[in-house]
Amino acid sequence: MLNPILQVQNVSLSFGGVNALKDISFSAEHKSILAIIGPNGAGKSSLLNVINGVYKPQQGKVIFKDKSWDQVVPFEAARSGIARTFQNIALFKGMSVLENILTGRSLKMRSGLLSSAFYIGPCKREEVAHREAVEHIIDFLQIQHIRKTPVGRLPYGLQKRVELARALAAEPDLLLLDEPMAGMNVEEKEDMSRFVLDVNEEYGTSVILIEHDMGVVMDISDKIVVLDYGKKIGEGTPVQIKNNQKVIDAYLGVTD
Amino acid sequence: MVTTTDATFPKLIARNAKLHPGKVAIRHKDLGIWQSWNWQEVEIEIRYLACGLARHGLKRDMNLAIVGNNRPRLYWSMAAAQSLGAIPVPIYQDAVADEIEYVLNNAEISHAIVEDQEQVDKLLEILPKTSALKHIYYDDTRGLKNYRESVLIEYNDLRAIGEDYDSKNKTFFDDEINKNKSSDNSIILYTSGTTGKPKGVCLSHSAWISAATADIKFDQLSDSDSILSYLPMAWVGDHLFSYAQAIVAGFTVNCPESSDTVMADLREIGPTYYFAPPRIFEDLLTQVMIRMEDASHLKKQLFEYSLKIGKNFGADIMDGKPVSISNRLLYGSCNLIFFRPLLNVLGLSRVRVAYTAGAAIGPDLFEFYRSIGINLKQLYGQTETVAHVCKQADGDIKNDSVGKPMKGVNIKVDGNGEILVKSPSMLAEYYKNPTATDEALTSDGFFKTGDAGFIDANGHLKIIDRSKDIGRLNDGTMFAPQFLENKLKFFPYIKEAVCFGDKKDTVCAFINIDLEAVGNWAEKKGLAYAGYIELTAKAEIYDLISECIMNVNSELEKEPELANSRISRFLVLHKELDADDEELTRSRKVRRAFVAKKYAPLIEALFSGAKECSITTEVKFEDGRSGTISANVLIKDSQ
């Protein structure tokens, strides 16, 4: 039995007097899909930001692939195999879909400035290999028809898909998705869920996602972590979470 | 050497491999690159595939189901089955599980080759309900890694089994091919059918090969032509053009990357031979019109001027009719600065011959393409006649006729105005359905097409409508619904129309707006709307459609026989008619009786003079789930 791919241990994070996260611990297994849910302002995005090194927690640590870190910067997290998408799409609007996805390969590019400038030898071979990897992702996410379209001209749902494609281009071991289905219609959500499941099955990528649509969360996750006001109030399988009184109270309110 | 009397498709492929081994037979865009296979490689692929299928128990006279988008491997599957004397049964790739289930059971399918996970899922869903299905082969492995069902086998594994079998039984494949006769069934095509359950049309090798040979001669097609194959493989048109003609003539078939990339792929390939139902030509024109609306004032004026010049002289110049030098020069300059660049954008600049069929094409639409220099012609036929009855010859085009009968095809019109056809390229029978076969054929062997029409003084066939759809208004005026609908559908804003009027005092119409065109128009006008339903209920949209109907009504004045069948009232439907909801056939023809029944309250409201009517309808989503939508549909009188 492998250790969990990611362990979050007693993480606390505060901004001035505001406690965003209070003593959070949970773990994500290899090749699993874990969902983080909770009302607005519960600290979900902050938690993702701690995991990939954007925020530095005041207490606690994150153990990724058996390597503990409490001092990590985002590019190191990326290099060690964590990729993410953002709640507000963060793509290069003026660049084509293909170019955007290629940027996801940047950590894997080795050619120096000189050989790149003259496009010679190993650089050319490298470029072809990267392009092939990107084409496989384009094929996988079925976005062939917009390969050359500037991202800014695409509808929201497709931009989300391109962002997922860019994250996949880094061939991550752990994929962090921040509200991948926000603002989508039913059909787009179904497509996106399918893609997340396919990524998980096909590449064996572990996924941690934040999502508000309970239907989606219950359908695709192996495990759910529930946050409320920065505290973990529940953790378990979809069935366990559905029957957890604390979670029901947090979502539906309690009568005093 | 293959003579025409014993020709079968596998033998013709072997001939092509011998005559032009290195010539490209088929291309497919994969991972962004056009991959190609020459005839020699194609023959080997088919050989291994056939051997693999034989190893898995596919035998003579058994049926092989094929489901998916146009892919080289699926075309090879057809030839592989035929090599063994088995019969390929292509199924529409967008058919829902129920429809596929019917075909699988009817044709007792034991082996199926499908494109991807989507089709695999559908077949696995059907699996418990069919006793015969034992093997499902899939081409695209995406998402199928963790499927454990024992019936599933990857295409590559099947090919490997075949390669191994072939290396140990060198003569097996050639022996099997030599057992085939040209009178054998080569394929069963299920007709989508505007009424009732689909029927399997059995067609022989010789039916296809004689039709294809005649077509090739008619349009001087050669092995240097190329075609984009993007229409459903289960449709007679695709089988005639992309399979029968391609193999007989030896030209190149190009399979698009996906159904969404067809327009881009068309530009990259630049086919010389093009085939599309009127719907596609309509969509293309709609796109052009939408883009022109966004163009600058100067460009718009240039566009309109060029179209006028094109309309006046384009078709005549193409048909070799006398046109003065100055007008030729004028057309030439419009061609240079406008038509050629437009055709280039559409990917049609190399097209030598283009055909449309499957439904009547609006005369204005037809003239538009001819005026910009595409040699667009109409052909007429149905699945039962391998789409080989009439064709328009170069230089002898009339936009309201479908041309003269092809050589060897006999046509007559019976007392009710129904067109009857007899030719060497006809169905052998409906599969396991002698009653239907008897009903479809006259005692002297003519096929009843179900279309009403007549042969004009020049020997051209003119189609009016489906004979069962033609009705009379209460005052005795002839009511030909499709005739009206086709006129309506020429407007870019109208995607689909259904007219009612048989045994009524007036004619009323359902309109489906074209979301892209109307949405664009609404955006220009600054109309806010949240979705399709809301858009359809806007008063401005009703005014827009009303204008279109007014135009159609005034055009009707020109047809004395139909002048009284003007459209008096209409409504804009709150949902798009959809094949998944059984409102359209898979080839996108309106199933009139079904629509009339489903929307009976709306029809009643139309004829009762009501101002609006609320209705709740059930809709099916692509994944087979269903839901309901309800709306309050407005009704408007038209001028």
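What follows draws every value from the coordinates through simple rules; no lab data is involved. As the structure is a computational prediction, the values presented were derived from the model and not from experiment. We place every Cβ from the backbone using ideal geometry, glycine too, and count neighbours over all the protein chains shown.
Annotations for the structure displayed:
- Computed helical MRE - 222 nm, chain B, DSSP H runs ≥ 4 contributing -39500 (n - 2.57), nearest 500: -10500 deg cm²/dmol
- Of every Cα-Cα pair in the protein assembly as shown, the percent that sits beyond 38 Å: 52
- Tally of Lys pairs whose C-alpha atoms are under 20 Å apart, taken over segment A:115-256, 8 or more apart or cross-chain: 11
- Rounded to 10°, Cα long-axis angle of helix A:156-169 versus longest principal axis of chain A: 70
- Alpha-carbon centroids, segment B:354-421 and segment B:463-529: separation in whole Å: 23
- The listed peptides B:454-462, B:396-404, ordered by packing as a protection proxy, come out as B:396-404, B:454-462 (highest mean of other Cβ atoms within 10 Å first).
- Its DSSP H runs of at least 4 residues, each contributing -39,500 (n - 2.57), put the calculated 222 nm mean residue ellipticity of chain A at -11000 deg cm²/dmol, to the nearest 500.
- Average other protein chain Cβ within 10 Å of Cβ, residues A:138-145: 5
- Using Cβ point charges alone (K and R +1, D and E -1), the dipole size of segment B:1-122 about the Cα centre works out to roughly 820 debye.
- Karplus-derived HN-Hα couplings along segment B:278-291 (A = 6.51, B = -1.76, C = 1.60, θ = phi - 60°), whole Hz, x at Gly and Pro: x, 3, 5, 4, 4, 4, 4, 5, 4, 4, 4, 5, 4, 5
- Helix B:39-55 and the long axis of chain B differ in direction by around 70°, with both axes built from C-alpha atoms.
- The mean count of C-beta atoms from other chains within 10 Å of the C-beta of residues in B:140-151, rounded to a whole number, is 2.
- Values of log10 I(q)/I(0), in the order q = 0.27 Å⁻¹, for segment B:64-124 under a Debye, Cα-only, solvent-free model: -1.21
- Amide hydrogen neighbours beyond the local backbone of residue A:228, cut-off 5 Å, H modeled: A:233
- Size-normalised alpha-carbon gyration radius of segment B:435-504, reference 2.2 N^0.38 Å: 1.39
- Residue-count net charge about residue B:85 - beta-carbon cut-off 12 Å; Lys, Arg +1, Asp, Glu -1: 0
- For the residue pairs B:412/B:487; B:487/B:597; B:134/B:170; B:377/B:598; B:23/B:181, the C-alpha atoms sit more than 29 angstrom apart in B:377/B:598.
- Footprinting exposure proxy for B:629, A:63, B:541, B:209 (fewest neighbouring C-beta atoms within 10 Å first): B:629, A:63, B:541, B:209
- Of the residues A:44, B:23, B:407, the one with the fewest other Cβ atoms within 10 Å heads the list, and the complete ranking is B:407, B:23, A:44.
- For the listed residue pairs B:29/B:179; A:61/A:93; A:93/B:589; B:462/B:495; B:59/B:197, the alpha carbons are over 32 angstrom apart in B:29/B:179; A:61/A:93; A:93/B:589.
- Among B:199, B:181, sorting on how many other beta-carbon atoms sit within 10 Å of each Cβ, with the fewest leading, yields B:181, B:199.
- Loop chymotrypsin sites (Phe, Trp or Tyr not before Pro), segment A:170-239 (other Cβ atoms within 10 Å of the site Cβ: 16 or fewer; DSSP): A:229
- Distance between segment B:580-632 and segment A:148-175 - C-alpha centres, whole angstrom: 37
- 19 Å tail of the calculated P(r), segment B:471-637, as % of Cα pairs: 55
- Segment A:47-104: equivalent-ellipsoid semi-axes (sqrt of 5 x gyration tensor eigenvalues, Cα, Å): 27, 13, 8
- FRET efficiency estimate (nearest 0.05) - Cβ-Cβ, residue B:222 to residue B:321, R0 22 angstrom: 0.25
- Semi-axis lengths (Å, descending) of the ellipsoid that matches the C-alpha gyration tensor of chain B: 41, 29, 26
- Once exposed loop GluC sites (Glu not before Pro) are cut out (DSSP; at most 16 other Cβ, 10 Å), longest piece of chain B: B:150-556
- Shape of segment B:9-268, Cα gyration tensor, a/c cut at 1.5: rounded
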